[in-house]
Amino acid sequence: MKILVPIKRVVDYNVKVRVKSDNTDVDLSNLKMSINPFCEIAVEEAVRLKEAGVASEVVVVSIGEKACQEQLRTALALGADRGIQIETSEKVQPLSVAKLLHKVVEEEQPQIVLLGKQTIDGDNNQTGQMLAALAGMPQGTFASEVKVEGDKVQVTREVDGGLMTVELNLPAVVTTDLRLNEPRYASLPNIMKAKRKPIAVKTPEELGVEIATNIEVLKVESPASRSAGVMVESVDELVAKLRNEAKVI
Amino acid sequence: MTILVIAEHDNAVLKTDTHKVVAAAAAIGGDINVLVAGANCGDVAQSAAKLAGVSKVLVADNAAYEHHLAENLGLLVADLGKEYSHILAAASTTGKNFLPRSAALLDVAQISDIIRVDAPDTFARPFYAGNAIATVKSSDSIKVITVRTSAFDAVEETGSAEVVAADAAHDAGISSYIGSEMTVSERPDLGSASIIISGGRGMQNGENFKMLEEVADKLGAGVGASRAAVDAGFVPNDMQVGQTGKIVAPELYIAVGISGAIQHLAGMKDSKVIVAINKDPEAPIFQVADYGLEADLFDAVPELNAKL
Ligand SMILES: Cc1cc2nc3c(=O)[nH]c(=O)nc-3n(C[C@H](O)[C@H](O)[C@H](O)COP(=O)(O)OP(=O)(O)OC[C@H]3O[C@@H](n4cnc5c(N)ncnc54)[C@H](O)[C@@H]3O)c2cc1C
Ligand SMILES: Nc1ncnc2c1ncn2[C@@H]1O[C@H](COP(=O)(O)O)[C@@H](O)[C@H]1O
């Protein structure tokens, strides 16, 4: 079976972004960019399913500027077989991302689409669910365990209050949570090998998808900043402050 | 303008998340209806009818909705939602699961995690782990929104809405519920606790979380954790506070043995008062703490417990 893994190029999770002084956006110039951590977990899971003999091919797809080929190469070095870049310089919102991915799903006919549960730039947590709806597929979101059994997949989901397991008919959409696995590091030979793996480039026009902008960003601001308070010397002082000054206990 | 709020419940009890989503709906303005979808969920509908500002409660009582499977609930909400100007749900794991499905079926965008309503089409939402707040305007005919419940105050239970059956049965038949493992706790859950004490990697093991539980019991607090503590297996996943766990804003948040990574701060920095106990004076958590105590937690926490 084939697994399709959509990945996004995002600012590295260790970077604290700043808002531009004109309040139009965050400033991403010269910041380290990486593969979205949840997408990396999705790639790892797909590669593990291939290593376990469950999957036969892992295809990675990214929508973005040419630079996102870097992240596709990273995924290929982790063990994916080939890549697809959908070239656009626009900021594509989840519904349009899902529509583009739906076209790729129609072409590729994967049995499982493994996405991250959320991107750490947009924090949307929508794309997998939207894709599943458009493709008429079931979904196992926020997965901490994925087990393929015949023509079904069992997904254990991290939900408020604990864990919930669902069984989905294949083909299905699965989105990853942090504890699904710990991604490997790409080895040097695999990084070299990845350079020869194919990446196909397509455009939204070729796929027949118009990129909608239903949501307009009016302004971007820094959150109300919190300043450091005081250091207390002892537990007694802490308890006294909480009782008499903050009045919270 | 009529707003549809999807109730959050376990078929027996209406969760206070719903009270807060109704508050967000009230800030948008207009008529408010609540949908209670579940199985044998009549009691929940009666509770929902009491929410201030709600004019009508729709009850979709059907086995297909018992476990809130996204495939079925997504269809139901897209079907009923066509008639509304706004569809709102809590940004809980349930809301995040089914609502984007409904939005896609309606061919509209979703605005995730709003923390403020500026106008019926304009909302504020955090992104980049809360390091930036965007004010966004939607041009969609139906605005589909998840609400960060920690940013809204619950409405009162002073209403008396009519309760009507919504007999739309949608069973996609492509997914089924197998089972769940829920953590049972006597303590208040993180979403509603007014005091939270959380432990991080510094706790060293799950056994040591008992120290935090003792303090929690004296304060009537909920117990949370950092991702490091959850990943290390000290405590269950639903205790994780942060960008990808629970977002909380209690009156008092006590962080014990937590360094204060961006992703953790994203989940708790809107707390009213923050206390940090950490043995490293350079720990970034001190930069957001109102009261910092540089100490070994294995001394400080038992002493705190004794002095409360
Ligand atoms: C995509 C992504 C999402 C993430 N989401 C989340 C999230 O939702 N929530 C979250 O919490 N993290 C999240 N993280 C992880 C985050 O980056 C940090 O790794 C994590 O928060 C660290 O947890 P910690 O503070 O407990 O551990 P550490 O950073 O290891 O800090 C432990 C602290 O304990 C102190 N300490 C140790 N021993 C003692 C002692 N005896 N007495 C007093 N102090 C002591 C140390 O000084 C240190 O400051 C995410 C990461 C990624 C990549
Ligand atoms: N531009 C993109 N290219 C490829 N995949 C994407 C893109 N944007 C989002 N995704 C996928 O959708 C997931 C969830 O993203 P989001 O809904 O934006 O939080 C990500 O983890 C990716 O797997």
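The values are calculated or read from the model by the stated rules, or taken from the named source; none is laboratory data. As the structure is a prediction and not an experimental result, all values here were calculated from the model. Virtual Cβ from ideal backbone geometry, glycine too; neighbours counted across all protein chains shown. Keep in mind that these areas ignore ligands, DNA and RNA; they rest on the heavy atoms of the full protein, side chains included. Shrake-Rupley method; radii C 1.70, N 1.55, O 1.52, S 1.80 Å.
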(message) Within 10 Å, Cβ to Cβ, of B:GLY53, how many net charges do the neighbouring residues add up to if Lys/Arg are +1 and Asp/Glu are -1?
(response) -2
(request) Order A:SER34, A:SER56, B:SER55, most accessible first, counting only protein heavy atoms with a 1.4 angstrom probe. (result) A:SER56, B:SER55, A:SER34
(message) What does DSSP give for chain A in terms of the percent of beta bridges that are antiparallel, rounded to the nearest 5?
(response) 45 percent
(message) So if I take the centroid of the Cα atoms in region A:153-229 and the same for region B:1-53, what is the distance between those two points in Å?
(response) 31 Å
(message) Students often forget the sequence filter, so: which aspartates and glutamates lie under 13 Å Cα-Cα from B:LYS50 once same-chain residues fewer than 8 apart are removed?
(response) B:GLU156, B:GLU157, B:GLU162
(message) Please list, in order along region B:234-242, the HN-Hα scalar couplings obtained from phi with the Karplus expression 6.51 cos²θ - 1.76 cosθ + 1.60 (θ = phi - 60°), rounded to whole Hz, x for Gly and Pro.
(response) 5, 9, x, 4, 6, 8, 5, 9, x
(message) Please compute, for peptide A:4-17, the average count of beta-carbon atoms on other protein chains lying within 10 Å of each residue's beta-carbon.
(response) 2
(message) For the protein assembly as shown, take every pair of Cα atoms, bin their distances at 10 Å starting from 0, and report each bin as a whole percent.
(response) 4, 18, 28, 27, 17, 6, 1
(request) Along each of the three principal axes of the Cα atoms of chain B, give the extent in whole Å, ordering the values from largest to smallest. (result) 59, 39, 39
(request) Could you tell me which of rounded, prolate or oblate describes region B:172-250, using a ≥ b ≥ c as the square roots of the eigenvalues of the alpha-carbon gyration tensor, with rounded for a/c under 1.5 and, failing that, prolate when a/b is larger than b/c and oblate otherwise? (result) prolate
(request) For every helix of n ≥ 4 consecutive DSSP H residues, a contribution of -39,500 (n - 2.57) applies; sum these over chain A, divide by its total residues, and give [θ] at 222 nm rounded to the nearest 500 deg cm²/dmol. (result) -7500 deg cm²/dmol
(message) Longer than 28 Å from Cα to Cα, which of A:LYS117/A:LYS247; A:LYS91/A:LYS193; A:LYS16/B:LYS96; B:LYS82/B:LYS137 are they? Say none if no pair is.
(response) A:LYS117/A:LYS247; A:LYS91/A:LYS193
(request) Distance between Cα centroids, region A:38-115 to region B:134-172: provide it in whole Å. (result) 33 Å
(request) Send over the Kirkwood Rh of region B:125-280, from the inverse of the averaged 1/r over different Cα pairs, rounded to one decimal Å. (result) 18.0 Å
(request) Considering only B:VAL223, B:VAL275, B:VAL184, give the residue with the highest GNM mean-square fluctuation for chain B, with springs between Cα atoms whenever their separation is below 10 Å. (result) B:VAL184
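Using the reciprocal of the averaged 1/r over all distinct C-alpha pairs, how large is the Kirkwood radius of region A:1-58 in Å?
After inverting the mean inverse Cα-Cα distance, the result is 13.4 Å.
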(request) Work from the charge dipole of the protein assembly as shown (Cβ charges, +1 for Lys and Arg, -1 for Asp and Glu, about the Cα centre) and give the residue of B:ASN278, A:ASN125, A:ALA200 farthest towards its positive end. (result) A:ALA200
(request) Given the options A:LYS219, A:LYS202, A:LYS66, state which has the largest fluctuation in a GNM of chain A using a 10 Å cut-off (strictly under) for Cα springs. (result) A:LYS219
(request) Under a cut-off of 12 Å between alpha-carbon atoms, report the aspartates and glutamates in cross-link reach of A:LYS241, not counting same-chain residues fewer than 8 places apart. (result) A:GLU233, B:ASP290
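Using a 10 Å cut-off on Cβ atoms, rank the peptides B:204-211, B:228-235, B:65-72 from the highest mean neighbour count down.
Numbers: B:204-211: 15.0, B:228-235: 19.2, B:65-72: 23.1.
By packing density, highest mean first, the sequence is B:65-72, B:228-235, B:204-211.
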(request) Go ahead and estimate [θ] at 222 nm for chain B from helices alone: -39,500 (n - 2.57) per DSSP H run with n ≥ 4, summed, over the residue count, rounded to 500. (result) -7500 deg cm²/dmol
(message) Order B:34-47, A:37-50, B:277-290 from most to least packed using the mean count of other Cβ atoms within 10 Å.
(response) A:37-50, B:34-47, B:277-290
(message) Cα atoms only: what Rg and Dmax, in Å, come out for region A:168-249?
(response) 26.7, 69
(message) Please compute, for peptide B:117-124, the average count of beta-carbon atoms on other protein chains lying within 10 Å of each residue's beta-carbon.
(response) 1
(request) Using a/c under 1.5 as the rounded threshold, could you call region A:55-113 rounded, prolate or oblate? The axes a ≥ b ≥ c are square roots of the C-alpha gyration tensor eigenvalues, and prolate needs a/b larger than b/c, oblate otherwise. (result) oblate
(request) Sticking to Cα atoms, compute the Rg of region A:43-151 to one decimal and its Dmax as the biggest Cα-Cα distance, whole number, in Å. (result) 13.7, 40
(request) Distance between Cα centroids, region B:212-271 to region B:112-127: provide it in whole Å. (result) 25 Å
(request) Please grab the % of Cα pairs in region B:5-151 that end up more than 28 Å from each other. (result) 12 percent
(request) May I ask you to give the average projected area over all directions of the convex hull of the Cα atoms of region B:261-308, in nm² rounded to one decimal? (result) 3.7 nm²
(message) Of the candidates A:SER144, A:SER89, A:SER225, which one comes out as most mobile in a Gaussian network treatment of chain A with C-alpha springs shorter than 10 Å?
(response) A:SER225
(message) Below 8 Å, C-alpha to C-alpha, sequence gap of six or more: please give me the relative contact order for region A:86-153 in percent.
(response) 31 percent
(request) Could you please put A:ILE63, B:ILE197 in sequence from largest to smallest accessible area, using a 1.4 Å probe? (result) A:ILE63, B:ILE197
(request) Over the whole of B:90-102, what's the average partner chain Cβ count within 10 Å per residue? Rounded to a whole number, please. (result) 6
(message) Calculate log10 I(q)/I(0) of chain A for q = 0.07, 0.09, 0.10 Å⁻¹, where I(q) comes from the Debye formula with a single equal point scatterer on each Cα and nothing for solvent.
(response) -0.29, -0.46, -0.55
